[in-house]
Amino acid sequence: MKNVLITGASGMLGATLVNELKEEFNVYASGNSFFPEQHSNYLKYDLKSKSYRDLIEWANPDIIIHSGALTNADFCEENSNEAFNINGISVQKLLEATHNHVQIIYISTDAVFPSTLHLAKETDCISPENIYGKSKELGEFFLKTSVDRSYSIIRCTILGMNLNRSKIGFVEWIINTAINQSELGLFSDVVFTPISIWDLANEIKFLIRTDNINSESLHIGGEICTKYDFGKRLLEGLNLPTNTLTKSLISSFKSRAKRSNDQSLDSSYYTKKYQRDRVSLNQTILKFREHYEHN
């Protein structure tokens, strides 16, 4: 059974990856904080550490899923050194601390692309427009220029719910705002191709299980929609009120980090090459309903 190290395991995606993979693999999890629902093989670890050799000695991984990251674009804009260190240079540290047989799956982002692209393909030139995207571009660079290393760079836009209840994400904000009957403005002029953390975990599990970490970039996403349409469909699917939901525009949003109106990714290369089905928005909403009712 393969040893799999998952970084960022106190975050939304990382914690879910641990839950979804622990039945098939020996999972070791690291995160920046302790939390009650953490995995039994869990190590609190600071990705700003100078070297990762102690982390690697502890986990002895065959595969590393590097999902640990700073994802708040405004925070990254204000703390660029920390963003580049955690999101980018961390990849170099993982490479330096491991032998070439250790495979790396790096969770990247649609933010590596410029706002002029619609349904960006893997072959399109990356040109990030904010610090978050640039820091992820740096992480991609280290993998692409590594020698004799098998890796997968997965670009995606994830949505999910936190197992670590001290953290609140985009979906939980939508749900809580609707339940509290507060005004809920969602962008009607921003399109994206979201995939749930559970569906992404399933695709990562497939890549590992079939030994398809082939030193390439992969776009893995769902059906294109606006942020407003997603929120409306989500609330309807969870039988929550929509009466306070309104359409807003990204142009009126005050932010330090530049955000794109078009955050869409074309996943056709991945689905065709590996014969995988793209997840529809209906399927995504059903997945949220399943986990919402379970919790």
**Report entry** Test for Val147: is it of a type outside the set (Phe, Trp, Tyr) and farther than 30 Å from Leu95 by Cβ
**Finding:** no
Requested in this report: Could you give me the residue pairs with C-beta distances under 6 Å whose first residue belongs to region 34-59 and is without any contact (Cβ under 8 Å) to a residue 40 or more places away in the chain, whose second residue is of a type in the set (Ser, Thr, Tyr) and not in a loop (DSSP other than H, G, I, E, B) wherever it lies, and which are 6+ apart or on separate chains?
Outcome: Asn41/Tyr28; Leu43/Ser30; Tyr45/Ser30
Query - Subset of region 249-270 (residues that are outside any loop (DSSP other than H, G, I, E, B) and crowded, with 18+ Cβ neighbours inside 10 Å) - result: Asp262, Gln263, Leu265, Tyr270
Query raised in the report: Looking at region 54-109, which of its residues are hydroxyl-bearing (Ser, Thr, Tyr), in contact with a strand residue (DSSP E or B) (Cβ under 8 Å, 6 or more places away or on another chain) and assigned to a helix (DSSP H, G or I)?
Result: Ser90
Query raised in the report: Going through region 145-183 one residue at a time, which ones are without any contact (Cβ under 8 Å) to a residue 60 or more places away in the chain and surrounded by 12 or more Cβ atoms within 10 Å (Cβ to Cβ)?
Result: Ser146, Ile168, Phe170, Glu172, Trp173, Asn176
Query raised in the report: Somewhere in region 199-212, is a residue aromatic (Phe, Trp, Tyr) and assigned by TED's automatic domain parsing to the domain that holds Lys121?
Result: yes
Report summary line: The residue that is surrounded by the fewest Cβ atoms within 10 Å (Cβ to Cβ), considering only those in region 184-204 that are among the polar types (S, T, N, Q) and outside any helix (DSSP H, G or I), is Ser188
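The values are calculated or read from the model by the stated rules, or taken from the named source; none is laboratory data. The structure presented is a predicted model; accordingly, all values stated were derived computationally and were not measured. Every residue, glycine as well, gets a Cβ built from its backbone with ideal geometry; the counts of neighbours run over all protein chains shown.
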